[in-house]
Structures are given as structure tokens and as C-alpha cells.
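Below is one structure, written out as C-alpha cells; the observations come after it.
Every number here is computed from the coordinates shown, using simple stated rules; none is lab data. Worth saying up front: this structure is predicted, and the values here are computed from it rather than measured. Quick reminder, even Gly has a Cβ in these numbers, built from the backbone with ideal geometry, and neighbours come from all protein chains shown.
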Amino acid sequence: MNLEDIARKAGVSRSTVSRVINDAPNVSATTRDRVRQIIEAEKFHPNAAARALVTRRTDVIGVVIPSVENIFFTDNSYWPMLLAGLGQALRAEDYAMLLWMGEVTDNDERLMRKVSNHHMVDGLVFASLTGDHPMQSHLLEMRSPIVMIDKPYYNADCLSYVSIDNVRAGEMATEHLIKLGRKRIAHITGHLTITDGNDRLQGYKNALRNAGLPIDDNLIYEGLFHRDAGYAGMKHLLQFKPDAVFAGGDTIAIGVLQAAHEAGVRIPDDVSVIGFDDIDVARTAIPQLTTIRQPVLRKGEVAARMVLDMVEGRTQGPQQVLLPTELVIRKSCGAG
């Protein structure tokens, strides 16, 4: 059936049926109920494209993960958890999710135009956008509501985002190692082109300064948020004899454990190890990882609700939300 058929059965005009479908005003309660009953009885589904032309809405939120670097399909459960949180919150309000995933480069103007095209989606969520990414320069120009997952590298005051206090969390991780009596605490960073990586490094340095311990550049290895960086980082750091390692992510920490095992270094007897995120691999690692837990699923849910609030006009202006973290003590630091 089409709108004319529904209108004929209800004894109203086509425009009245359209107003009922789009929840427009100026329709009496009696007429609205009669039209909805016929729509339900006939199992009528409005044409989404036609409806979008009238309402200028698509009921779709775009989610952009620009640089997955093949970690999405490995043992890193961060991304599935994040998308699960986004999906749950969007479905609860009858919105669909359009996922863009993969590399966007300076030469890929076509994909960048698609992401920027406000006619395709009602709002956009960006996850872990690096500071050197070409999309950075487009964010403030976009007309669609935008929410960033993780603090933006630039223009943080002008954009809405959901994140955690990574500086304080980095301090918390390092302070725990200091309380265990460790003196030569190394740090393997995540991506330093993402604020998460930079802020955790800053927290590590803050904790050392506050404890009167020196910041030794030999004990800081610039890595990435994946296992190979942890493995390579630990191989490099062993020559400087660390007695503890703060890994910028749990997948980094798994690489640390592997390199330590191959070198005959006992965890936690010789070196204590602490990770970050508390994803699945933290609990299945041998030994299980002490880590900083961040609410990844909740982060996705909050980001979705933030962008929907903007789309629906429930909020105005940039919104910034910081979610809590906690220290989870397990055996990789000698306790748990």
C-alpha cells in the first residue's frame, strides 16, 4: 500500500497521513489514532527515502573509525565493546548505525566527502581520530552534529566528546607500581598522535615527579596500541633493567608478557606489569593483568546518547563528559 491507499481507507487526505507518520502537529487525536490503526493493520512501512525528503532526517547515525590498523579483527575487544555500546543506545531510540571503517588518507577525498555529507546521516561519532588525520581540519566545518570518542587532539573546547581522565588514570597506574616499591618503572606508550596516549604518558611522568623519582628517557618507549609494540618495546627496554612496566593498553601489555617470557624474565617477581582498559585479554593473560579499567561499553552508550540529544535538539553547545576509571589488581603485579 501507499499513502493514498491509507488515506482512502481512513477517509482523510494524503497530507494528513503524512503528518501522522512524521508526528507533525495539527492532527486531532481521533484522526491520528484512526490512521495509526490502519497503518498497523495493513503492516504499512513508509518509504525511508521519501520520508527523509519530508523530514530532512534519516534516522541514521554515522560512526567513523578512521584508522583500525588491522586491530579490529585481532584479540583487541575494545572496538567490539565500543560498537556494542553505540548500537544498544541507538537501537533504543530507533536509529540505525552506518559504520565507516578503515584508512582515510589525503588522497581519499571521495570517502571524506561521504563522511562529511550531512544528507546521509543525522549525526556523526568519531572514534580515536589522530591529531595528524586529514579529517581534523573538516570537523568544525561540518553541519551535522558531531561527538568524539576520546578527547579531540585539537579544538577540544569547541567539540563534544566522551572520554576518561587519562592523565589521572596514568598517575593511578604508576602510583600503584611505586607503592609496590618499584624504582625503575618503564612506560610503553600508545599512539602519541591520540590524546589518550599523550595523557597517559603525562600521568606517568607526574606520578614519578610526585614520588621524587627521576624521569629516565631510556625507560620510555614510544609505541602504538597493539601487541607488536609491546613486544618490541619490552625487548628494547630490557637492556635498561626496568623493575616494572606501565603499558599504555592491555594489548601492549600482552606483548610485554610475551617478550619477558622469551627472555626468561619472571612476571611479577622480576618485573611488575600493569595494563590499561581491562578488555578480555587482561583476564585471560598468564599471569592475569593488573590494569586500569575504563567503561568501554558505557563510553559507546554515552557517545550515542550525546549525538542523539544534539540531533533531537535536547542540548545546545559542546558537551564534554569524563567517565570514571578504577584500578583492578591482579597477579601481574604480585597481588590478586
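List of remarks:
- Sorted by Cβ density within 10 Å, fewest first, the residues Ser144, Ser28: Ser28, Ser144
- Its residue count N fixes a reference of 2.2 N^0.38 Å for the chain, and the Cα radius of gyration divided by that reference is 1.24.
- Here is the tail figure for the stretch 233-296: Cα pairs spaced more than 14 Å apart come to 48 percent of all pairs.
- Modelled FRET efficiency - R0 35 Å, Glu222 with Lys179, Cβ distances, 0.05 increments: 0.85
- For the pair Leu297 and Glu262, label points projected 7 Å from Cα toward Cβ lie 3.5 nm apart.
- Largest mean-square fluctuation among Thr290, Thr30, Thr315, in a Gaussian network model of the chain whose springs join Cα atoms under 10 Å apart, belongs to Thr30.
- Mean residue ellipticity (222 nm) of the chain, computed from DSSP H runs ≥ 4 via -39,500 (n - 2.57), nearest 500: -12000 deg cm²/dmol
- Projecting the Cα atoms of Tyr161, His138, Leu213 onto the dipole axis of the chain, where Lys and Arg carry +1 and Asp and Glu carry -1 at the beta carbon, places Tyr161 farthest toward the positive end.
- Projected onto their three principal axes, the Cα atoms of the stretch 196-249 cover extents of 31, 27, 15 Å, largest first.
- Loop trypsin sites (Lys or Arg not before Pro), the stretch 300-336 (other Cβ atoms within 10 Å of the site Cβ: 14 or fewer; DSSP): Arg314
- Label sites at Asp132 and Leu327, each approximated as a point 7 angstrom past Cα along Cα to Cβ, lie 3.4 nm apart.
- Exposure proxy shown here: for Met172, Met310, Met142, Met234, the number of other Cβ atoms within 10 Å sets the order, fewest to most, as Met142, Met172, Met310, Met234.
- FRET efficiency for Lys241 and Ile286, using Cβ-Cβ distance with R0 set to 35 Å, rounded to 0.05: 0.90
- Note on Ile215 and Ser13: the model spin-label points, each 7 Å out from Cα along the C-beta direction, lie 7.0 nm apart.
- Stokes-Einstein D (µm²/s) once Rh is taken as the Kirkwood radius of the stretch 207-336 over alpha-carbon pairs, at 20 °C in 1.002 mPa s: 132 µm²/s
- DSSP-defined beta bridges in the chain - what % are antiparallel, rounded to 5: 10 percent
- The ranking of Asp23, Asp59, Asp216 by Cβ neighbour count inside 10 Å, starting from the fewest, reads Asp23, Asp216, Asp59.
- Burial ranking of peptide ranges 206-214, 173-181 (average Cβ count within 10 Å, highest at the top): 173-181, 206-214
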